[in-house]
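Before any comments, here is the structure.
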Amino acid sequence: MRKTVFDGLGARLQEARTRFLVGIITTNLRRFLMNLGILSGFKTYIVAAAMVLAALGQLIGVDIPSFDGHAAGQLLMEGFAIMFLRKGMKAG
């Protein structure tokens with residue numbers, strides 16, 4: 001198939017538009033992630049709670065795809081360890 005000038009121009013415009021949209025999305029996403037000050041000091045607890053919930057879910061038979069390779073007991077103990085270690089470091 002023959003390429004015309006308009007095909008090349010259209011391809012370049014498509015690339016420029018894609019770069020522009022990706023730039024906008026990454027800038028806004030970066031700004032949003034950097035402004036999560038409301039979670040300051042609670043991110044560790046959120047991760048620990050997610051681990052404990054995933055472990056409890058596995059214990060009752062709910063299949064969670066991201067946690068397939070982990071044993072439920074190990075996740076539970078590690079989640080509690082992270083939670084209480086963080087609490088102990090804050091208190092001390």
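Can you pull out every residue in segment 7-42 that is modelled with pLDDT under 80 and either closer than 30 Å to MET77 by Cβ or surrounded by fewer than 10 Cβ atoms within 10 Å (Cβ to Cβ) (or both)?
ARG31, PHE32, LEU33, MET34, ASN35, LEU36, GLY37, ILE38, LEU39, SER40, GLY41, listed by residue number.
Scan segment 71-89 for residues that are farther than 21 Å from SER40 by Cβ and either out of contact with any helix residue (DSSP H, G or I) (no Cβ under 8 Å at 6 or more places or on another chain) or exposed (fewer than 14 other Cβ atoms within 10 Å of the Cβ) (or both) and jot them down.
ALA71, GLY73, GLN74, MET77, ALA81
Okay, residues lined up against (1) outside any loop (DSSP other than H, G, I, E, B); (2) more than 24 Å from the chain's Cα centre (by Cα); (3) basic (Lys, Arg):
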| site | (1), (2), (3) |
| --- | --- |
| GLU15 | yes, yes, no |
| THR26 | yes, no, no |
| PHE32 | yes, no, no |
| GLY41 | no, no, no |
| SER66 | yes, no, no |
| LEU75 | yes, no, no |
| PHE84 | yes, no, no |
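The values are calculated or read from the model by the stated rules, or taken from the named source; none is laboratory data. Remember, it's a predicted structure, so these values are computed and weren't measured experimentally. FYI the Cβ positions are ideal-geometry reconstructions off the backbone, even for glycines, and counts take in every protein chain you see.
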